[in-house]
Structures are given as structure tokens and as C-alpha cells.
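Okay, so here's the structure we're looking at.
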Amino acid sequence: MPKSARMKKEKDPEGRMPLADHLRELRNRLAKAMLAIVVASVVAAFFSQQLMDLLSSPVPKCPPGTSVSDNTGGRCVIIAYQTMLSPFTSTVKVIMLAGLIASSPVWLYQLWAFVAPGLHKSEKKYTYWFAAIAVPLFAAGAYTAYLIMPVSVRVLISITPDVASNFLSLDDLLDFTTRMVLVFGLAFELPLLLIMLNLTGVVTGKRMAGWWRAMVMCTFVFGAVATPSTDPLGMIALAGPIIILYFIAVGFSILNDKRRARSDPDAQLADDEASVLDHTPEPIGALDPVPAARALPEQATGDTDGARAHRTGGYDDIT
């Protein structure tokens, strides 16, 4: 088929296409996403030094010229590379991470464009809202992690005795920073996930409200385990916003359930639960007379008109 004819071919409104076309579209979407990541990473390479300084800024670094034998105790940290390839690998890691984050609008759109044709109209609407809220929530979580990291690092190094020094590899510092940002960013998405489950009818707001004790307890436990520092500030900084967002999600879900109940009284029923039926019998109106047929057996035997007058609706009284 000529190329122009393929381009003019109408698309299926429901997004259906042969398997080969699906694979071809997936290849094109992945190629565009990878190209965006590569371009963003190349641009980030020109700012690699600024990025390294940004990621290492939460750590109280020792002044230049400080050696391990200076016994700095818990006052500062000496950042160094431990292997010959560490400077290169650390720089590449930071550049790729920055490129992945900077190009996220492009590859998220490519993912959405590949999945969207198979979604219903209501599902597309929910996905738009999910994408619009998920990015600010993740950014808020990442920013919160970046704010508490200096305090967390100071608490961790404060137990160092005065006769020792803190010698930290830059790779370990980058892993620590990345872990904190991802944990906080993904944790802030939990309330949004609960809202999506409510909008799709999986869980009700009333049931979510009944989970609040276990939710508060599990959130604080998660905050204590996920944050690498032993101070309560990191746990509270992670658990506090999540609990607030959780109750916001519960309130939204309850209001959504009430709105759904007004429009559809059977919306809150389970899949195996029958709706309430009204078994009250309705009153029966007057019977309509049925004209008698002209060829009844009684007529054939010679019934008179008087006998026919005792029939109701074409039938004998005894019937």
C-alpha cells in the first residue's frame, strides 16, 4: 500500500488496530521518549558541576584541605571518591537522573498517547486529573525531602566521636539523596491513589474513614523505617503531610459517594448484592368487557337471548 494511502487510512474510534501496528506504534513512542531523555541529558551535562553541588549541599562539608587525620568528629563530613572511575560514574549518574526528570513531560505524554486510545471517555477524564495532580504532589514530596535532609545528615553524623572523622563517598551521598527524594515523592502519591480507587468504585469513602487508626499507625511506622535518620523530625516530616492528605482524600471520597448516590441509588451496592425491590401489589382497575364470539357451542344448540344476557364478557357466570 502506498505511503499516502496508509496516512489517509482512518483510525478506529475505539483504538483497535492489528498487533503489528501496535508494536510499530510502541517502537515509535519509545524512540521519541529515549530521544527526549538523551537530549535533556546532554543539556544537563553542561550543568553537571552545579547539579553535583546541589545534591551535596545538604551535607555540612569540611573546609578544603581537611584530611581524615584531623579528627573533625561530628562537625563536618569529608566527601571523596574511593575509586578511579567514581568521578565518571557519579557524574553520568547525576546527568542521567537530571535528564530523566527534565524530560518527564515528554515520555509521560508518549506513555499516555499509547494507552489513551484503549480507555473509555470517563477513564480518560480521570487520567487527566491524575496526571495534573500527581506531578505537583511528587514535587512537593521531593522538596520536603530536600528541606529535611540537612537536619537528618547532621543527626546522623552527630554521634561521631571527636577522635574520628566522617569520610563519605559521593556515590553513597547520591544514593542517600535519591532514596530520600523517591521515598517522599512516592509517599505523597498515596492519597491520590485512594481517590482514584474511590472514583472507579473500588472502595468507598466510609470504608476509608474506618481505616484511619490503622492508617495513622502505619504511616508513622513507614516514616520511621523509610527515613534513614534516627531523629523524629524526619518521621514527622514524612508522616504528617501524608496523614493530612489522607483525611483530605477521605473527605473528597465521602462527598463523591453522596453525589453518586443522588444520581444513582444503586451505585453503592456490591456486584453480588441485589437492589431493594418494591413488592407492594398495585390495584387492579376495572375489567374491560370482551365481546362474545358469534359461533359459541351454546349458540349452535339454540340458546335464547335471555341465556346469553347472563354471560359476562363472553363467558358464563359459573366461569
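Between A80 and S104, what FRET efficiency follows from the Cβ-Cβ distance if R0 is 30 Å, with the result rounded to 0.05?
For A80 and S104, the calculated efficiency is 0.40.
For every other residue with a beta carbon closer than 15 angstrom to the beta carbon of M208, add +1 if it is Lys or Arg and -1 if Asp or Glu, then tell me the sum.
So the surrounding residues net to +4.
Got a sec to turn the phi values of segment 185-191 into Karplus ³J(HN,Hα) couplings, 6.51 cos²θ - 1.76 cosθ + 1.60 with θ = phi - 60°, whole Hz, x for Gly and Pro?
For segment 185-191, the Karplus-derived couplings read x, 6, 5, 6, 8, 4, x Hz, x marking Gly and Pro.
With +1 on each Lys and Arg Cβ and -1 on each Asp and Glu Cβ, how big is the dipole of segment 100-257 about its Cα centre, in debye rounded to the nearest 20?
That gives a dipole near 680 debye.
In the neighborhood of K32, defined by Cβ-to-Cβ distances under 14 Å, what is the net charge if each Lys or Arg adds +1 and each Asp or Glu adds -1?
Summing Lys/Arg as +1 and Asp/Glu as -1 gives +2.
Of the peptides 245-257, 184-196, 212-224, how do they stack up when ordered by the mean number of other Cβ atoms within 10 Å, highest first?
Highest-to-lowest ranking by the protection proxy: 184-196, 245-257, 212-224.
Between R260 and Q49, what's the calculated FRET efficiency when r is the beta-carbon distance and R0 is 41 Å? Round to 0.05.
The formula returns an efficiency of 0.15 here.
What percent does the relative contact order of segment 151-252 come to when contacts are Cα pairs within less than 8 Å and at least six residues apart?
Once divided by the residue count of segment 151-252, the mean separation gives 40 percent.
So, with a 1.4 angstrom probe, what is the percent of accessible area on segment 178-264 that is carbon and sulfur?
76
The values are calculated or read from the model by the stated rules, or taken from the named source; none is laboratory data. Computed from a predicted model, the values in this text were never measured in an experiment. Because the Cβ atoms are built from the backbone with ideal geometry, glycine has one as well, and the counts that use them run over all protein chains shown. Quick note on the areas: whole protein, heavy atoms, side chains included, nothing else; ligands and nucleic acids left out. Shrake-Rupley method; radii C 1.70, N 1.55, O 1.52, S 1.80 Å.
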